[in-house]
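The values are calculated or read from the model by the stated rules, or taken from the named source; none is laboratory data. The model shown is predicted, which means the values in this text are computed figures rather than measured ones. No Cβ is skipped: glycine too gets one built from the backbone with ideal geometry, and neighbour counts run over all protein chains shown.
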């Protein structure tokens with residue numbers, strides 16, 4: 001058995017940023033990631049530039065573009081362009097770069113990651129979490145974070161989140 005203060009399931013954006021923040025507060029953290037490498041994200045993510053002040057690191061290298069104006073249309077007519085004043089209030093982020101940046105910074109702060117590794121069983125025993133993986137090692141922690149996405153089998157196992165997640169539908173006209 002190997003002990004940590006916190007075990008995080010999932011090494012993507014949520015898992016890595018949680019690991020980074022907890023490691024900076026002195027917690028020993030293990031990330032268990034099922035994928036060998038971070039997934040390529042086919043789309044970028046939007047982010048308000050004001051969020052930078054809440055992030056524990058500079059993400060400049062992850063910014064794909066800084067939005068300075070927005071175009072609005074109604075039924076392909078009535079074009080309106082809004083100029084956004086001041087420093088660019090909205091950024092388009094390269095997710096794969098941001099995810100890797102957060103993970104690297106976490107590792108630099110003492111976070112450990114094991115990948116690829118599949119979790120076989122999670123139980124709560126004597127106020128500790130026991131996580132058994134396909135490498136047959138048990139990892140023990142006081143806290144458990146499930147951050148392995150909306151399709152997580154573990155979120156469902158612990159009845160976390162909505163029973164029937166709803167996804168946005170796109171209709172072409």
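Observations on the structure shown:
- Test: residue in the range 6-13 that is closer than 26 Å to residue 139 by Cβ and over 14 Å from the mean Cα position of the chain (by Cα): yes
- Every residue from the range 128-173 that is within 17 Å of residue 33 (Cβ to Cβ) and either modelled with pLDDT under 85 or in a loop (DSSP other than H, G, I, E, B) (or both): 134, 135, 137, 147, 148, 149, 150, 151, 152, 155
- Any chance residue 107 is at pLDDT 80 or above and either touching a helix residue (DSSP H, G or I) at 6+ places or on another chain (Cβ under 6 Å) or part of a strand (DSSP E or B) (or both): no
- So residue 89, is it in contact with a helix residue (DSSP H, G or I) (Cβ under 7 Å, 6 or more places away or on another chain) and under 26 Å from residue 36 (Cα atoms): no
- Residue selected from the range 92-143 under the condition free of Cβ contacts under 8 Å to residues at least 40 places away in the same chain, under 19 Å from residue 25 (Cα atoms) and under 17 Å from the mean Cα position of the chain (by Cα), by the criterion surrounded by the most Cβ atoms within 10 Å (Cβ to Cβ): 107
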